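Participant: Pasting in a structure now, in structure tokens, and then I'll have a few things to ask.
The values are calculated or read from the model by the stated rules, or taken from the named source; none is laboratory data. The structure displayed is predicted, hence computed values, not measured ones. Using ideal geometry, Cβ is built from the backbone for each residue, glycine included, and neighbour counts are taken over all protein chains shown. Heavy atoms of the whole protein, side chains included, go into the accessibility calculation; ligands, DNA and RNA do not. Shrake-Rupley method; radii C 1.70, N 1.55, O 1.52, S 1.80 Å.
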Amino acid sequence: MDSETREKSPARRNKTEVVASRRATLARGGAVALGVAAGMLAIRQPAAADSPVYGESSTNVPGVWGVNTQVTEPGAGGPGVRGDSANGHGVRGQSVTGSGVRGIHTSPTEATGAIVGVNQGAGAGVVGRAGNGPGMRGIAPGGNPGVFAESGSQPGSVILDGGMALLALGRALVRPPNESDLSPGDAIVIDPTTSAGPTLEADGDTDFPAIRGSNTQVAEAGVGGAGIQGLSANGFAVHGISTNSAGVVGVHTSPTQSNSALVGRNNGLGAGVDGRSETGAGVRGNAPAAIPAVHALSGSRQTGGLVLDGGVALLALGHTILRPPTAADGAVVPDLSVTTATLVVTGGARTDALFMPVGNGSILAGQQTAVVTDGAAGLGSHISVALVGSPARNDHKPPAVSWIERATGSFTVHLTDAVDFDTPLTYTIVNP
């Protein structure tokens with residue numbers, strides 16, 4: 001509103017000028033009457049506490065009606081009603097049973113808001129507050145979003161610049177709609193087709209989870225709904241990354257229900273759990289006392305449990321070492337009082353291609369002993385030696401292995417008599 005308009009506005013005239021203007025208008029019998037509809041009162045002189053301009057109606061005709069018929073570009077015309085205030089509300093609408101302020105847009109071609117809030121200073125463009133209901137509610141038909149949030153530079157149109165489109169301070173509740181809501185469907189559907197980054201990103205800076213899902217379904221143990229579920233056609237369904245802690249942690253707390261803290265189930269090809277590491281163990285199991293650190297079962301899965309069918313429970317491809325722990329194993333503190341066997345097999349056992357040091361040697365003709373050098377030999381080694389060649393002439397009694405003298409890195413074979421010929425031998429070393 002320019003200075004000339006404000007100067008002539010009734011709100012800036014004194015009471016005497018307003019009264020004089022009304023009397024002149026009525027006296028001329030002008031066609032522009034200030035109250036023209038039945039039930040609408042003419043502008044009256046305000047009382048001391050009243051507004052300078054006051055319109056009152058007792059029908060469906062508005063108490064105050066402003067019409068602007070300027071011919072101009074869409075969205076550039078003058079307002080039908082304008083309210084200016086230095087420190088208060090520019091326009092205030094109040095109703096007991098209807099909307100306080102209602103904006104209606106009717107053009108099928110011009111895409112603009114029915115209500116637009118423009119803040120050229122500090123603060124929000126639109127603020128919604130409620131005492132008993134939502135502060136702001138958005139409703140839209142079909143696939144249109146109920147609330148559409150954009151963030152970006154605005155030189156006439158929004159240029160998305162990666163800023164924050166939606167900020168929720170306080171507790172945010174997302175749930176599927178119930179009977180009291182407007183329509184069924186998912187609580188949130190995010191369309192990632194136009195996004196170059198994560199479909200949903202949640203940041204936290206406290207010891208509380210950035211995302212937390214809770215499911216309180218009352219059901220049998222182990223058959224309730226998931227707190228969080230991830231689905232992916234070709235990628236990771238759930239991908240956990242941590243710099244200083246575990247990537248994924250599963251915690252089971254029931255003292256009565258025997259279930260795993262972490263379960264991997266493969267209904268296609270591949271392993272149920274695949275553990276890989278660059279600098280540590282691929283899979284590591286820890287358990288207290290006599291409970292096995294790794295428990296391997298093989299059998300047919302039927303309703304209610306596992307039926308053992310004699311299949312392979314544990315398959316190790318590569319070099320396998322079974323030994324007591326040492327301080328070199330890191331966080332493990334070895335209990336030196338434990339002297340039980342490193343490997344205990346209850347029932348039948350079979351070893352295919354068992355790795356044990358084996359080798360060849362020879363006893364020279366005329367000798368009764370031979371020294372064999374092998375780094376696997378030790379003072380506690382179990383060493384077996386067999387002669388694999390004829391040690392004597394047919395008219396002599398053939399000598400045999402009498403005993404083995406063990407040493408670190410070698411052993412000496414003692415015979416019952418000297419051999420007549422160079423006699424080859426083979427040996428096997430087993431270290432307990």
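Participant: Out of the chymotrypsin sites (Phe, Trp or Tyr not before Pro) in the range 341-432, which ones are loop residues according to DSSP with at most 11 other C-beta atoms within 10 Å?
Facilitator: On the way: sites: Phe355, Trp403, Phe411, Phe421, Tyr427; in loops: Phe355, Phe421.
Answer in residue order: Phe355.
Participant: From the phi angles alone, apply the Karplus equation (6.51, -1.76, 1.60; θ = phi - 60°) to the range 54-65 and give each ³J(HN,Hα) in whole Hz, x where the residue is Gly or Pro.
Facilitator: The phi angles translate into 9, x, 9, 9, 10, 10, 7, 7, x, x, 9, 9 Hz.
Participant: If you take the square roots of the eigenvalues of the alpha-carbon gyration tensor of the range 234-322 and sort them as a ≥ b ≥ c, do you get rounded (a/c under 1.5), prolate (a/b over b/c) or oblate? All intermediate terms of the calculation are to be shown ahead of the outcome.
Facilitator: Working: a/c = 1.30, a/b = 1.20, b/c = 1.08.
The shape class here is rounded.
Participant: With a 1.4 Å probe and every protein chain left in place, work out the accessible area per residue of the range 82-145 in Å², rounded to a whole number. Please report the intermediate quantities before stating the final value.
Facilitator: Values: 5750 Å² over 64 residues.
Here the residues of the range 82-145 average 90 Å² of exposed surface.
Participant: Still on this model: Per residue, how large is the accessible surface of the range 348-432? Use a 1.4 angstrom probe and give square angstrom. Provide the component values of the computation, followed by the final result.
Facilitator: Details: 5310 Å² over 85 residues.
Computed with neighbouring chains in place, this is 62 Å² per residue.
Participant: Got a number for carbon plus sulfur as a percent of the range 293-388's accessible area, 1.4 Å probe?
Facilitator: On the way: 4470 of 7710 Å².
Carbon and sulfur atoms account for 58 percent of the accessible area of the range 293-388.
Participant: Report in % the part of the accessible area of the range 216-284 that belongs to carbon and sulfur, leaving out ligands and nucleic acids; probe 1.4 Å.
Facilitator: Numbers: 3030 of 6400 Å².
Using a 1.4 Å probe with all protein chains present, the range 216-284 comes out at 47 percent carbon and sulfur.
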